[in-house]
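First up is the structure itself, then whatever we jot down about it.
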Amino acid sequence: MTALEAGSVIGDASEVLPPTRRRALAKFLKNRSAVVGAAIVLLFVALAVLAPLIAPFDPNKTNFAALRRAPSLVHWLGTDEIGRDILSRVMHGGVASLLAGVVSVAIALVIGLPVGLAAGWLGGWVDAIVGRITDALLAVPFLILAIALAAALGPSLTNAMIAIGLSQVPIFVRLTRGQVLAVRAEEFVEGARAVGVPQSLILARHILPNITAPLLVQATLTTATAIIAEASLSFLGLGQQPPAPSWGSMLNTAKNFLEQAPWMSLAPGAAIFLVVLGFNMLGDGLRDALDPREE
Amino acid sequence: MWKLILNRLVVAIPTLFLVTVLVFALQRVMPGDPLLVMAGEERDPAVLEELRHHYGFDQPLPIQFLAWLREVLTGNFGASLRTGEPVLKLVGQTLPVTIQLAVASLLIAAAIGIPMGILAAVRKGTWVDAVANVVSLSGLSIPNFWLGIILILVVAVQLRWLPASGFVSVLDDPAGALRTTLMPAFVLGSGLAATLMRHTRSAMLEVLRLDYVRTARAKGLMPRAVILKHAFRNALAPIVTLSTLLFGQLLAGAVLTEQVFTIPGFGKLIVDAVFNRDYGVVQGVVLCTAVAFIVMNLVADVLYILINPRLRT
């Protein structure tokens, strides 16, 4: 125990990490809502990945003999305005939504993390400039910025992901910067600096491992936001382009057939709701499990 | 105190400047040459050259930026490339519509979110807290355009209780306004209610632990009086500072809600502009939003300093 304590003072946090990580995992597994959230997310990932194998129909195959059919044994969720099977389209559409969630958060992290690290670690004029730019970006509401960017880049799924990712960069810059400021004041960082550990090594070994938890939580919750944002852009016609299936664009069409085919608007919306709910529950659970204060 | 306020003002200026740079850059990456639209079908090179010169597009970018900035500073936020109407006029026409929707949805959000947050905090760890948590999680997770579609489906198409779309100003016809605004306001308010509930709950939990709440309880005050008069009043400050966050959520939500319910508001203005490739309007609207946001933030900061006795030195 004394060896462990000494180690943590000098700065090797990795030696004390495993027990905390184990405790976090136990805490996470005890949290029913977090586990349910993880299960929902996994289920949708499985459905999307396996869609080519298990979807009952080709998602883009039109069938003019079965236009706007109500749910039945053949078409469990019914068919749309040109006879495509809605269940198959919902399963395939999951790829666009999940991909948009993950890729845009990855874009935001890849830009936001280094910029936030630099601002928090270097301080001074770097921090001031980064701070003002982040303020300016945050001044435009997320979706409006994403709409303007998607419009500028042209409507497509890739551009929607870029637009959503870019508009989320400031969130990660702010979070990383704040975390770095908190961690750099810790004794083990000061100790490492005092004994002359190079800056890059301090950043990689001491700062980064200690800021991953809040970043992970934020990334999970932001994935939920990003999935809604992609659905919103696709709903407006700025995301996934037809005929490729996406939940948002399916809803865009469905809203024109509320009288004739109400089932068209049920499944895609329910799918968005469930996936986003799953990510939110997972994120909340991770936060509770990884937060050392909440004992 | 005045130093603090001055400090906020000084910080807001470079932010505003950067916003203008951002918006100008956005306009530059927009696809398609707006002049091609203006030059008409023939695209006579001489006409194009003339237009290019007239609008200063033959100047270097920094010069163009400064010229544009001077216009913005004198209150000219650009004009529609289609109709030539100034952006500020279009914003002025659509903003009251969105404000009516926003105020209604804030009222609904406060009426749901705040009591639910207080209850969840007071009954922390019980089924009340659990139910409130599920409701707020759902409110945060449900895409509001889908909620709108479902409500239209049930309330307008099946039950025929309320109209599915349209807008009536509360100044013209209060009853009609209520009928057309109720559903969209609920849709827009649901997400806000969830955010408000979560923040109210955590602010209340912070306050309920404090000594003066315990003292009030020990004095034998009614629990309701303790919770509302002593705890909630003091929990209100962090809830009020949420307003800027809610503003962004409101505007973004309004874009989708107005689309679903075909309401001719600020959100529909930007979406229509995107589809009409009317970049003048897109740019102007983004600029207006950002400026409004920064000014609102500034006002909130200053109010906070003025209200908070600890900062009043």
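Screening the candidates B:Val285, B:Val291 for the property of being closer than 20 Å to B:Leu22 by Cβ, surrounded by fewer than 20 Cβ atoms within 10 Å (Cβ to Cβ), under 14 Å from the mean Cα position of the chain (by Cα) and β-branched (Val, Ile, Thr) yields one hit, B:Val291. Every condition in (1) among the charged types (D, E, K, R); (2) touching a helix residue (DSSP H, G or I) at 6+ places or on another chain (Cβ under 8 Å); (3) closer than 26 Å to B:Pro115 by Cα holds for B:Glu258 except the one numbered (3).
Here A:Arg177 clears all of (1) within 14 Å of chain B (Cβ to nearest Cβ); (2) of a type in the set (Lys, Arg); (3) farther than 27 Å from A:Leu277 by Cβ except the condition numbered (1).
Residue-wise test of (1) surrounded by 23 or more Cβ atoms within 10 Å (Cβ to Cβ); (2) facing chain B (nearest Cβ under 8 Å).
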{"site": "A:Thr222", "(1), (2)": "yes, no"}
{"site": "A:Ala229", "(1), (2)": "yes, no"}
{"site": "A:Ser234", "(1), (2)": "yes, no"}
{"site": "A:Pro242", "(1), (2)": "no, no"}
{"site": "A:Ser249", "(1), (2)": "yes, no"}
{"site": "A:Ala254", "(1), (2)": "yes, yes"}
{"site": "A:Ala261", "(1), (2)": "no, no"}
{"site": "A:Val276", "(1), (2)": "yes, yes"}
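Scanning region B:157-178 for residues that are surrounded by 14 or more Cβ atoms within 10 Å (Cβ to Cβ), facing another protein chain (nearest Cβ under 7 Å) and closer than 27 Å to B:Leu196 by Cα turns up nothing. In the condition set (1) among the hydroxyl-bearing types (Ser, Thr, Tyr); (2) more than 23 Å from B:Leu208 (Cβ to Cβ); (3) surrounded by 21 or more Cβ atoms within 10 Å (Cβ to Cβ); (4) within 14 Å of chain A (Cβ to nearest Cβ), B:Ser136 is compliant with all but (2). Looking at B:Thr215, B:Thr257, B:Thr195, just one residue is of a type in the set (S, T, N, Q), without any contact (Cβ under 8 Å) to a residue 24 or more places away in the chain and not in a loop (DSSP other than H, G, I, E, B), and that residue is B:Thr215.
Scanning region B:163-180 for residues that are β-branched (Val, Ile, Thr) and at pLDDT 85 or above turns up just one, B:Thr180. Considering region A:143-158, the residues that are more than 7 Å from chain B (Cβ to nearest Cβ) and free of Cβ contacts under 8 Å to residues at least 12 places away in the same chain include one that is surrounded by the most Cβ atoms within 10 Å (Cβ to Cβ), namely A:Leu153. Scanning region B:42-83 for residues that are in contact (Cβ under 8 Å) with a residue 24 or more places away in the chain, closer than 22 Å to B:Ile13 by Cβ and assigned to a loop (DSSP other than H, G, I, E, B) turns up B:Phe77, B:Gly78. Every test in (1) without any contact (Cβ under 8 Å) to a residue 40 or more places away in the chain; (2) assigned to a helix (DSSP H, G or I); (3) closer than 26 Å to B:Ala252 by Cα is passed by A:Trp125 save one, and that test is (3). The test for being out of contact with any Lys or Arg (no Cβ under 6 Å at 6 or more places or on another chain) and either in contact (Cβ under 8 Å) with a residue 12 or more places away in the chain or among the hydroxyl-bearing types (Ser, Thr, Tyr) (or both) does not hold for B:Gly176. Would you check if there is a residue in region A:229-238 being among the polar types (S, T, N, Q), more than 26 Å from B:Val154 (Cα to Cα) and modelled with pLDDT of 90 or more? Within region A:229-238 (the criterion being among the polar types (S, T, N, Q), more than 26 Å from B:Val154 (Cα to Cα) and modelled with pLDDT of 90 or more), the answer is no, since none of the residues qualifies. In summary, A:His75 fulfils each of the numbered conditions (1) out of contact with any strand residue (DSSP E or B) (no Cβ under 8 Å at 6 or more places or on another chain); (2) at pLDDT below 85 with the single exception of condition (1). Condition check: within 9 Å of another protein chain (Cβ to nearest Cβ), modelled with pLDDT under 90 and farther than 27 Å from B:Val10 by Cβ. Does A:Gly131 satisfy that? Answer is no for this residue. What do you reckon, is A:Val115 free of Cβ contacts under 8 Å to residues at least 24 places away in the same chain, in a helix (DSSP H, G or I) and of a type outside the set (Phe, Trp, Tyr)? It is false that A:Val115 is free of Cβ contacts under 8 Å to residues at least 24 places away in the same chain, in a helix (DSSP H, G or I) and of a type outside the set (Phe, Trp, Tyr).
Considering B:Pro238, B:Pro264, the condition of being farther than 20 Å from A:Ala146 by Cβ, surrounded by fewer than 23 Cβ atoms within 10 Å (Cβ to Cβ) and modelled with pLDDT of 75 or more is satisfied by B:Pro264 alone.
Of all the listed residues (A:Leu122, A:Leu77), the sole one being surrounded by 15 or more Cβ atoms within 10 Å (Cβ to Cβ) and not polar (S, T, N, Q) is A:Leu77. Here is the figure for region A:36-49: residues that are surrounded by 15 or more Cβ atoms within 10 Å (Cβ to Cβ) and away from chain B (no Cβ under 14 Å) total 4. Which residues, taken from region B:241-261, are at pLDDT 85 or above and more than 10 Å from chain A (Cβ to nearest Cβ)? B:Thr257, B:Glu258, B:Phe261, listed by residue number.
Every test in (1) in contact with a Phe, Trp or Tyr (Cβ under 8 Å, 6 or more places away or on another chain); (2) at pLDDT 80 or above is passed by B:Glu206 save one, and that test is (1).
For region B:144-156, taking the residues that are surrounded by 17 or more Cβ atoms within 10 Å (Cβ to Cβ) and free of Cβ contacts under 8 Å to residues at least 12 places away in the same chain, the one that is nearest to the chain's Cα centre (by Cα) is identified as B:Trp146. Going by the conditions given, is A:Val105 among the β-branched types (Val, Ile, Thr), within 12 Å of chain B (Cβ to nearest Cβ) and crowded, with 24+ Cβ neighbours inside 10 Å? No; evaluated as a whole, the condition is false for this residue. Given the structure, is B:Leu269 within 13 Å of A:Ile147 (Cα to Cα) and in a helix (DSSP H, G or I)? The answer is yes for B:Leu269.
Okay, residues lined up against (1) in contact (Cβ under 8 Å) with a residue 24 or more places away in the chain; (2) more than 16 Å from the chain's Cα centre (by Cα); (3) closer than 30 Å to A:Val180 by Cβ:
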residue	(1), (2), (3)
A:Ala46	no, yes, no
A:Gly78	yes, yes, no
A:Glu81	yes, yes, no
A:Val110	no, no, yes
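Hey, B:Asp278 hits all of (1) buried (at least 17 other Cβ atoms within 10 Å of the Cβ); (2) at pLDDT 75 or above; (3) more than 14 Å from chain A (Cβ to nearest Cβ) but one; which does it fall short on? Checking B:Asp278 against (1) buried (at least 17 other Cβ atoms within 10 Å of the Cβ); (2) at pLDDT 75 or above; (3) more than 14 Å from chain A (Cβ to nearest Cβ), the one that fails is (3).
In the set A:Ala118, A:Ala66, A:Ala39, A:Ala46, only one residue is at pLDDT below 90 and either at negative phi or among the charged types (D, E, K, R) (or both); that residue is A:Ala66. Restricting attention to region A:14-73, the residues that are closer than 16 Å to A:Val276 by Cα and polar (S, T, N, Q) total 1.
The values are calculated or read from the model by the stated rules, or taken from the named source; none is laboratory data. In this text, all values refer to a predicted model and were calculated from it rather than measured experimentally. When we count neighbours, we look across all protein chains shown, and the Cβ atoms used for this are built from the backbone with ideal geometry, even at glycine.
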